[in-house]
Amino acid sequence: MIKLPEDGELIRIEGGVWKVPNKPIVAYIEGDGIGPEVIRPTIEIVNEAVSLCYGSSREIKWVKLYAGDEAEKLFGTRLPEETLKTLEVVRVLLKGPLYTPPGGGWRSINVFLRQHFDLYANIRPVKYFDGLPSPLKNPQGIDMVIFRENTDDLYVGIEWPWDSQEAKKVREFLKKEFGIELPEDTGIGIKPMSRYKTIRIARLAIRYAISTGRKFVTVVHKGNIMKYTEGAFREWVYEVALKEFGDYFITEKELYEKYGGRIPEGKLVINDRIMDNMLQQIVLNPQQFQVIICPNVNGDYLSDAAAALVGGVSVAPSANIGDTAALFEPVHGTAPDIAGKGIANPTAALLSACLMLEYMGWHEAANLIREAIQEVIRQGKVTADLARLMGKDKYLKTEEYKREILEIMHSLKH
Ligand code: NAI
């Protein structure tokens, strides 16, 4: 295992509850392609924000871990044993993108890490910064966080081709046991959705909603058609909200029938939307959503559609969270077409780090960084990817963009 900083302490995550010391140890992997170009400035900005907000009383003790191209060169393997062993102890990781060859080659390290640490919630914040390019006429005020279940549903991969022995057996079983007759050319996929897996993501999302002062939690599902999977998902999320967190929640019905449409002090509203309606709603009236909980497949569609409303991939952050570990990373990949040119946009990585700071309870530092990002974008001081979308000729290189953010953070604090 890699030696940890002696003056740092480990973050403890137990049952999804974080205990964060003042000098927490956090691991980082720079990643491939533009990874180092976005992760290095992110760490510098985060350190500065923490120092500006808390002086010397708090400081992140970073530990560099190796994976991807860099690890291959140094150790002859893309995911060294040392990296995994250290992560098993440190448990909180900020990560750049890692290259995965399409088709053959090695298995995705990203997928491996998610499975190994049972990171069951994929979290995608979708926030509009004034000035960002958007296909919407009125994107102002969009600020939602999507919690997508990561381990259940059709993506578990229980499926067989139509002409396999397995598919044939399932068809025969359905016919014999239930009198359900499927044509012989029917492929089979199974959609498992469990109470346990739904309840744990519901808890995680609800805790987040409460701790960040949100007012609406929305369950998205297709329960009108798939009653015992998607419909059950809806029921189970309501159950967690109203039974476990009953002191906090009112239903949408109560909001209008009992409270005249005004949310009482200290309360949140739980409601739900059917997936097809939801895809309309996030285009027509996205500002109504704050925290969204959805199953795996719907979440996949929804999170990409939502990201497109607020600037796309180079500003889209994410986290993968479990009960005992967490991984924060930008949504984008290694961007081989621009790697090494010093023009990558570090905003997605930076916003992923903000999400990490929120999980640590260091909200002031997260807010300071977000305010600075808002200011540079408002002033049109952006990297090439956004400049192009905004129809601007002039753009900042990554290094210049970082310096602007640092300067603005200083001016906001003084
Ligand atoms: P990509 O996200 O790397 O690039 C798509 C387009 O967006 C490119 O034109 C790129 O230049 C641009 N772009 C992406 N991030 C940017 C940024 N920060 N600043 C400016 N422009 C940016 O997607 P692609 O090309 O499909 O994937 C490349 C590699 O990345 C693949 O090997 C893939 O497996 C890997 N990947 C890794 C991920 C991870 O580690 N979590 C996630 C997605 C892809």
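The values are calculated or read from the model by the stated rules, or taken from the named source; none is laboratory data. As the structure is a prediction and not an experimental result, all values here were calculated from the model. Using ideal geometry, Cβ is built from the backbone for each residue, glycine included, and neighbour counts are taken over all protein chains shown. Quick note on the areas: whole protein, heavy atoms, side chains included, nothing else; ligands and nucleic acids left out. Shrake-Rupley method; radii C 1.70, N 1.55, O 1.52, S 1.80 Å.
Give segment 339-354 a look and list any residue that's crowded, with 24+ Cβ neighbours inside 10 Å and out of contact with any His (no Cβ under 7 Å at 6 or more places or on another chain), or say none.
Within segment 339-354, 344, 345, 346, 347, 349, 350, 351, 352, 353, 354 meet the criteria.
Can you tell me how many residues within segment 31-84 are open to solvent by 10 Å² or more (accessible area, probe 1.4 Å), hydroxyl-bearing (Ser, Thr, Tyr) and within 25 Å of the chain's Cα centre (by Cα)?
The qualifying residues number 1.
Here are some conditions: (1) within 15 Å of the chain's Cα centre (by Cα); (2) at pLDDT below 90; (3) surrounded by 12 or more Cβ atoms within 10 Å (Cβ to Cβ). Residue 106 meets all but one. Which one does it not meet?
Only one criterion in (1) within 15 Å of the chain's Cα centre (by Cα); (2) at pLDDT below 90; (3) surrounded by 12 or more Cβ atoms within 10 Å (Cβ to Cβ) is unmet by residue 106, namely (1).
With the structure loaded, tell me whether residue 151 is open to solvent by 20 Å² or more (accessible area, probe 1.4 Å) and under 19 Å from residue 319 (Cβ atoms) or whether it fails that test.
Yes; evaluated as a whole, the condition is true for this residue.
For a quick check of your reading of the model, give me the residue pairs whose first member lies in segment 36-53 and is in a helix (DSSP H, G or I), whose second is open to solvent by 40 Å² or more (accessible area, probe 1.4 Å), with beta-carbon atoms closer than 6 Å and at least 6 apart or on different chains.
Pairs found: 50/58; 52/413; 53/364.
What number of residues in segment 355-384 are open to solvent by 30 Å² or more (accessible area, probe 1.4 Å) and either within 11 Å of the ligand (Cβ to nearest atom) or on the phi > 0 side of the Ramachandran plot (or both)?
1
When you scan segment 105-134, how many residues do you find that are of a type in the set (Phe, Trp, Tyr) and under 20 Å from residue 345 (Cβ atoms)?
Qualifying residue count, segment 105-134: 2.
Just one of (1) within 11 Å of the ligand (Cβ to nearest atom); (2) touching a Phe, Trp or Tyr at 6+ places or on another chain (Cβ under 7 Å); (3) hydrophobic (A, V, I, L, M, F, W, C) trips up residue 111, so point out which.
Exception for residue 111: condition (2).
Given the criterion surrounded by fewer than 12 Cβ atoms within 10 Å (Cβ to Cβ) and touching a Phe, Trp or Tyr at 6+ places or on another chain (Cβ under 8 Å), identify the matching residue among 141, 179.
Checking each option against the conditions leaves just 141.
Determine the pairs where a residue that is over 13 Å from residue 307 (Cβ atoms), located within segment 278-290, has a partner that is basic (Lys, Arg) with Cβ atoms under 9 Å apart, the partner being 6 or more residues away or on another chain.
As it stands, the answer is 281/273; 289/273; 290/214; 290/215, since those pairs meet every condition given.
Working only within segment 246-270, note down all residues that are of a type outside the set (A, V, I, L, M, F, W, C) and part of a strand (DSSP E or B).
251
Taking only segment 176-200 into account, find how many residues are touching a residue at least 40 places away in the same chain (Cβ under 8 Å) and β-branched (Val, Ile, Thr).
2
Restricting to strands (runs of 3 or more DSSP E) lying wholly in segment 271-353: which have 2 or more residues that are under 17 Å from the mean Cα position of the chain (by Cα), of a type outside the set (Lys, Arg) and away from the ligand (no atom under 16 Å from the Cβ)?
Correct list: 291-294.
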